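Right, one structure below, let's go through it.
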Amino acid sequence: MGAFIIALALLGPTAVSAKSVFAHFMVCNTANFTETDWRTQIGLTQTAKIDAFALNMAKDEATTKAQLPSAFTAAEALQFKLFFSFDYAGNGDWNKATVTGMVNQRRASAAYFKYNSKPSVSSFGGPASGADWKNIKTAIGCYFIPGWPSLGAKTALEVAGGVADGLFSWDAWPSGSRSMITYPDASYFNFLSSKKYMALVSPWFYTNLPGYEKNWPWRGDSFWVDRWNHLISGEFQPEFFQIISWNDYGESHYIAPLDDSQYAAFTTGRASYNYVINKPHNGWRELLPYFITLWKTRTASIMQESIVSWYRQHPKGACSSGNTTGNTASQLQVEVAPSVTVQDEICFAAPLGSAATVSVTIGGVAVAATWNVVPTGGVGIYSGSAPTGGRTGTVIITLARSGTTIVQITGWPISPTCTNGLNNYNAYVGSMWGVSITARSPTLAVSKMKCARGFGANGFAGLCEWRCAHGYCPEAASFGTKPIGYTLSGLSPAYDGLCAFVCARDYCPSTACSYTKGTTDCVAVFVIGGMHSLEWCLLFKSLFTKKVSNRASVS
Ligand SMILES: *[C@@H]1O[C@H](CO)[C@@H](O)[C@H](O)[C@H]1NC(C)=O
Ligand SMILES: *[C@@H]1O[C@H](CO)[C@@H](O)[C@H](O)[C@H]1NC(C)=O
């Protein structure tokens with residue numbers, strides 16, 4: 001017995017998961033920072049239970065050199081962590097000697113984030129320089145987690161003989177008018193095997209910077225809460241999360257406070273106006289401690305109830321859309337009107353210790369508000385929405401229990417008139433804390449919960465509902481006792497895990513799966529598209545089919 005206990009004690013440290021949450025931090029925005037500013041930002045990050053900043057840095061930026069000493073001094077003083085994320089897309093590929101030198105200069109700092117005792121290093125883009133990382137890793141022994149979204153998971157893992165120790169995708173936003181899904185994550189889990197996955201999670205996306213040739217919103221709506229829920233409850237747990245972003249104001253996905261010392265992007269990007277002014281996003285940050293604790297420890301507690309609400313301040317049909325497109329061809333997406341991707345909705349989320357009702361009025365008129373997600377056992381983060389029906393006026397969101405108001409937000413008004421006559425697709429986020437309550441936790445740990453409701457798109461929808469009814473929630477592979485199923489020829493390998501699981505249990509829908517192994521020829525589309533590969537796969541397939549039939553009709 002004694003020997004058994006010792007063996008467990010020895011196993012302990014290596015068996016412990018090092019789950020960590022990072023926030024994507026744009027160093028280029030900090031030219032006006034003092035060390036005090038770094039301390040302020042770090043303090044807010046620690047309150048949100050974020051473990052480290054992924055310091056995004058493009059090549060040859062003066063701000064990087066000037067600010068890193070203050071950043072590290074502040075992080076050391078506050079026992080916070082930082083690591084480098086070399087952006088190869090901003091100003092081109094980094095020089096490998098520069099990368100090695102920068103990591104060597106900082107790795108001894110207690111503030112440099114280590115994984116398995118190795119300094120963590122990330123990078124974005126630049127797969128053509130992938131072979132450099134073999135030399136860099138030999139020189140500095142780093143733990144390397146690149147994002148090579150242009151390649152897709154399978155090909156990215158083959159770069160330079162498998163130089164990546166883990167990967168992240170750039171699939172943090174849904175395309176078109178659909179909600180967020182986890183199929184791209186599934187394709188990473190499918191191929192990564194023992195390597196680690198860094199899941200991206202982002203609350204929003206709207207950019208309108210003609211100087212950088214960027215001008216599109218992606219659908220936002222409820223996905224800040226949906227994505228945390230999906231990834232926290234999935235069977236395959238990412239080792240890391242990266243929140244996009246802490247302070248990227250130009251893409252409207254910041255969760256840091258508004259800061260007019262960081263708005264250079266609106267000038268250099270030749271924005272027709274600054275679309276983040278008066279659009280605080282702090283409320284999104286307030287949901288993080290619960291989600292992050294739930295993900296890391298599989299349970300969490302509510303000690304104070306609150307409500308967070310977010311919405312766009314113009315009806316989607318109001319004002320001019322300027323030259324904004326919904327989605328972007330630059331990411332190989334089909335462009336649509338922005339009004340197709342965004343919804344006229346008031347979204348809200350509330351950490352609650354027990355059930356409560358939510359109601360919404362716009363301009364004094366009540367609109368139907370419903371919870372779309374009610375946590376198991378009634379404790380946790382409730383979320384929902386209220387369609388605005390195009391109404392304008394002041395927005396009031398009220399949480400009540402047994403007829404008594406718990407907390408209320410008087411949100412900023414929805415207006416039919418817009419700055420410069422252009423619709424602003426950024427979100428206003430309001431929040432309000434209620435009183436403290438006796439701490440309450442969900443009755444079941446997440447790992448003990450079973451699926452109650454599946455979600456999915458295209459051919460996945462039926463699969464997901466079915467697998468869910470059988471208590472299967474994972475995003476990727478699992479095996480039963482019946483013959484294994486394969487993804488139908490021509491479909492994305494994102495289906496592999498599902499088909500393997502469901503066909504083995506006698507549900508093998510012919511729209512997606514088969515008992516005969518075929519070729520998942522959409523792998524090629526992963527190479528071209530990278531993002532939202534499933535849609536592209538299906539789109540290419542339909543185009544290809546069309547071409548073939550056209551040719552047939554000509555001949
Ligand atoms: C720093 O402040 C100046 C003066 O307000 C401003 O012009 C500049 O854009 C700021 N830098 C950044 C990176 O935002
Ligand atoms: C839209 O694009 C046209 C042509 O490039 C340009 O002249 C115009 O100023 C743009 N409008 C806005 C609102 O950016």
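The values are calculated or read from the model by the stated rules, or taken from the named source; none is laboratory data. A quick note: this is a predicted structure, and the numbers were derived from the prediction, not measured. Cβ coordinates were reconstructed from backbone atoms using ideal geometry, including for glycine residues, and neighbour counts include every protein chain displayed. When the accessible area is computed, the model is the full protein with side chains, heavy atoms only, and any ligands, DNA or RNA have been set aside. Shrake-Rupley method; radii C 1.70, N 1.55, O 1.52, S 1.80 Å.
The table that follows gives values for the structure above.
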read-out	value
Packing-based order for 426-432, 65-71, 383-389, 202-208, using average beta carbon neighbours within 10 Å, highest first	202-208, 426-432, 383-389, 65-71
Carbon/sulfur fraction of accessible area - segment 39-297, other protein chains in place, 1.4 Å, %	50 percent
Relative packing of 74-83, 134-143, 24-33, which averages over residues the other C-beta atoms within 10 Å, highest first	24-33, 74-83, 134-143
Mean-position separation - Cα centroids, segment 201-219 and segment 406-437, in angstrom	20 Å
For F168, residues with placed amide H under 5 Å, excluding near neighbours	G147, W148, M198
Three-way shape label, segment 304-440, alpha-carbon gyration tensor, a/c 1.5	prolate
Three-way shape call for segment 220-375 based on the alpha-carbon gyration tensor, with the a/c threshold at 1.5	prolate
Residue-count net charge about F86 - beta-carbon cut-off 12 Å; Lys, Arg +1, Asp, Glu -1	-3
Cβ crowding within 10 Å averaged over residues, with 266-273, 349-356 ranked highest first	349-356, 266-273
Extension gain from A31 to A445, taking 0.36 nm per residue of separation minus the Cα-Cα distance	144.6 nm
Violating pairs (Cα-Cα greater than 26 angstrom) within the set K96/K296; K196/K448; K118/K214; K59/K134	K96/K296; K118/K214
Residues of segment 137-276: accessible area per residue with a 1.4 Å probe, Å²	26 Å²
Accessible area (Å², 1.4 Å probe, nearest 10) - S117	110 Å²
Computed label-point distance, nm, for sites S109 and S193 using a 7 Å Cα→Cβ extension	3.6 nm
For segment 39-297: rounded, prolate or oblate by the Cα gyration tensor [a/c cutoff 1.5]	rounded
